[in-house]
Amino acid sequence: MHLELLDLLLALDRVPQDPRWHPEGDALFHSLQVFDLARRETADRGLWAAALLHDVGKAFASADHAEEGADVLAELVCPRVVWLVRHHLHLLRAPAATKRRLRRTRALADLTRLRRWDLGGRSPAATVLRPEAAVEVLLDGADWTLLSIGGEPAPAHDLRKEPLA
């Protein structure tokens, strides 16, 4: 798992982002900032993983990066992390409908935190871990059964299959 996750992260190096929304620069620098924000706020390694990996799909497709990233991660990490990556833009695109559907669930709390960190990881002057160190920190002491494919289940809601209007 270590090398596969590292390869996915390194593929984000120099992947450009729209400077209007991402003044910090490339997708790798942004992802490392989001990971750092998550680590400061929670000990939940599933959320750390979602924060670090939420934009891995940008190496393949910018417009559909959440779907692309989740599809790639489905072979590597637990369903909960895949779900968070797949749905991390729903609070941006359809906030009212997302909040209504996920009302009073852990999934909404997790998405809300991930969204806040995603918005916060945009500093051009931030100091971040190297990608290799970030993956080491994520996996060091982690309960592999929670982060691996057969680990923590995904929330029951698939927001892609439910109309958001």
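Things worth noting here:
- Taken about its Cα centre, segment 20-114 carries a charge dipole of roughly 720 debye when the Cβ of each Lys and Arg holds +1 and the Cβ of each Asp and Glu holds -1.
- From its DSSP helices (H runs of at least four residues, each -39,500 (n - 2.57)), the chain gives a residue-normalised ellipticity at 222 nm of -15500 deg cm²/dmol.
- Whole-number percent relative contact order across the chain, with pairs defined as alpha carbons under 8 Å at least 6 apart: 30 percent
- Only one residue of Thr112, Pro124, Leu6 has its Cα farthest out toward the positive end of the dipole of the chain, where Lys and Arg carry +1 and Asp and Glu -1 on Cβ, and that residue is Thr112.
- Gyration tensor verdict on segment 44-120 (Cα atoms; rounded if a/c is under 1.5, prolate if a/b is larger than b/c, oblate otherwise): prolate
- Loop GluC sites (Glu not before Pro), segment 49-88 (other Cβ atoms within 10 Å of the site Cβ: 14 or fewer; DSSP): Glu75
- Charge dipole of the chain (Cα centre as origin; +1 on each Lys and Arg Cβ, -1 on each Asp and Glu Cβ, all else neutral): 1060 debye, rounded to the nearest 20.
- Dipole of segment 31-81 [Lys/Arg +1, Asp/Glu -1 at C-beta], most positive-end residue of Val56, Pro79, Leu32: Leu32
FYI, it's all coordinate maths here, none of it is from the lab. Predicted model, so just to flag it, every value in this text is computed and none were measured. All Cβ positions, glycine included, derive from the backbone under ideal geometry; neighbour counts span all protein chains shown.
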